[in-house]
C-alpha cells in the first residue's frame, strides 16, 4: 500500500484537538472554540460551521472534520487509503487492482494530491505527462457534438495494460499578451492552444475537433456542496439578475440515474453527485456496479488484445462509498488573518468590484440528512451556515473562455462559479497557484483578468483600482 507518510497522523491528531464543538461547552450553537487561542472562533473564520478546521499545512484540505470520530473515523481512513493509494493492473486477490486498460490517473489522489489540485503537466511538460499521469482531463468531441468511433468523451493519454496504447497525447502551446493597469503595472495573460498527437486509431482534422482541457478541482467543501439547500439555490437563480452589471446566473439541470435534478458538481455543474463511480470508471478504468464495462470496451485494440483478460467488477459499492464518505467528511480550512487591516481593505475592494454577486459569501445547508451512494446518512452536514464564496450557478464568462463543449444546459461559454474557500492555501497544499478551468491563470491577478462576459464588470473595476487596493484584494483572497 502507498499510504500517506507517517507525519500526517500527527497532523490529524493536532488539528483534531484544536476544536471543541458547542455541544461540549456553553458556547452558543454553530460556534466553535479554537483551543490554540482559547477563544471562540469568529463568524468570519468559520468557513463551514462545525466542519471548520484550523490548519494551514499541506494537509489543510485533507483533514477530517471535528465530528469525524470512532467508527466514522475508521471508515474515513479506509476511504482515504482507497482515494490515495496507487491502483495497478488487475491481479488476483488484490483489492487495489483494476487500473486501465487506459486511464487518465492511477488514483484519485494522483490528480487531487492531499485532496487538492495536483499541478498539471501542461506547464511543466507542454501537455501529456511522461510519468504516469497528466493531472488533467482531456474532453474531445466533433464540432457537431458527436463522439468519435474509437473514443469516448475523455481522451485517455496513459495506458496500464501491456499491448494497449494510450488513446492519444495532448500538446499545448501558449501565446502571451501583456496588459497594463492605468498606473503602469504590467500583467500577462497566456492563451493555450491544444492539439492531439499519436492517435491510437482514426483521427480528426483540427478544424473538426473540439478539445476542452480541465485541470483538477480542489476537493474542499465537497460534503457541504452536496448538502446545499436547493431551494436557496433556486432562489439565487431567480434573483441573480443584475442587468446594470450584465450578470444573470442560472442552474444546470442534469439527468442522472434517471432523475432530473440540480447540478452542483464539476466545472459546469454537470453532475448531481461527487462522481465517485464515474471517476473510477472513466478516469481510472476501474469497473463497478454502475459502470460495469471497461472504459475502452468496443475499441479495436480492446477487442484484439484484452478480451482474454476480463476481471468483472473491480471495486465494490462498499469501497466506493468509503471514498464518498471520505470526501464528504473532509474539514474546510478556517479563514485566516480576518482582523488584518489590509485583508479588511481587500474585502471592501472585493465587494466594490461586485465579485460577491457571483462569489456569494454565505449559503446554508439543508435541514434534511445527506445520504451517501450506498445509503449511509451524515446528519452533521445539515443545518450549517457556510461561506463557500460561490452561488454554484452558471455564468457566461465570455468568448475568451468558451471551450465549445456543452454539458447539460451549460454552453461552452458558461461555467459554474468556482467556490473560493481554501483558495489561499493552494500553494501550501499543492505547490502552485494555477487557476481557471484549464490552469491558464498562474496567479490571482491573471485569474481576475481572465474574467469576461458577466465577469467583465468586476475585471474592469479591479483594473481601475489603485495598486494598494488591487494588492489588498489579492490579500483578501489569500485569507480565504
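A short reminder: the numbers here are calculations on the coordinates, not readings from a lab. Being a predicted model, the structure only gives us computed values, none of them experimental. Please note: Cβ atoms are built from the backbone with ideal geometry, for glycine as well, and neighbour counts cover all protein chains shown.
The Cα trace of segment 227-291 gives Rg and Dmax of 15.2, 50 Å, the first to one decimal, the second as a whole number.
Computed from the Cβ-Cβ distance with R0 of 25 Å, the FRET efficiency linking residue 74 to residue 377 stands at 0.90. Once every Cα of segment 266-418 carries one equal point scatterer and solvent is ignored, give the base-10 log of I(q)/I(0) from the Debye formula at q = 0.08, 0.16 Å⁻¹, two decimals. Debye output, listed in q order: -0.38, -1.11. At an R0 of 22 angstrom, the distance between the Cβ atoms of residue 352 and residue 456 translates into a FRET efficiency of 0.90.
You can think of it this way: the chain between residue 139 and residue 183 has 11.8 nm of extra reach, that is 0.36 nm per residue less the Cα-Cα gap. When the square roots of the Cα gyration tensor eigenvalues are ordered a ≥ b ≥ c, the ratio a/c for segment 192-304 is 1.5 or more and a/b does not exceed b/c, which makes its shape oblate. Its alpha carbons give the chain an Rg and a Dmax of 22.2, 68 Å.
For the chain, adding -39500 (n - 2.57) for each run of n ≥ 4 DSSP H residues and dividing by the number of residues yields -6500 deg cm²/dmol at 222 nm.
In summary, the convex hull built on the alpha carbon positions of segment 292-378 has an orientation-averaged projected area of 11.1 nm².
If R0 equals 56 Å, the separation of the Cβ atoms of residue 125 and residue 362 corresponds to a calculated FRET efficiency of about 0.90. Which shape class, rounded, prolate or oblate, goes with segment 410-480 when its Cα gyration tensor gives a ≥ b ≥ c as root eigenvalues, a/c under 1.5 marks rounded, and past that a/b bigger than b/c marks prolate? Oblate is the answer for segment 410-480, as a/c is 1.5 or above yet b/c matches or exceeds a/b.
Rounded, prolate or oblate: pick one for segment 121-187, where a ≥ b ≥ c are the square roots of the eigenvalues of its C-alpha gyration tensor, a/c under 1.5 means rounded, and failing that, prolate if a/b is larger than b/c, else oblate. It is oblate, given that a/c is not under 1.5 and a/b is not larger than b/c. Place a point 7 Å from the Cα of residue 468 along the Cα-to-Cβ direction; which residues of segment 343-366 have their backbone N under 19 Å from it? Of the residues in segment 343-366, 343-353 have backbone N under 19 Å from the label point off residue 468.
Sequence-distant contacts, meaning Cα pairs under 8 Å at least 6 residues apart, place the relative contact order of segment 281-391 at 19 percent. Taking 7 Å steps out from each Cα toward its Cβ at residue 242 and residue 338 produces label points 2.3 nm apart.
Of the residues 271, 219, the one with the fewest other Cβ atoms within 10 Å heads the list, and the complete ranking is 271, 219.
One equal scatterer on each Cα of segment 59-147, no solvent, Debye formula: the resulting log10 I(q)/I(0) at q = 0.19, 0.26 Å⁻¹ is -0.98, -1.24.
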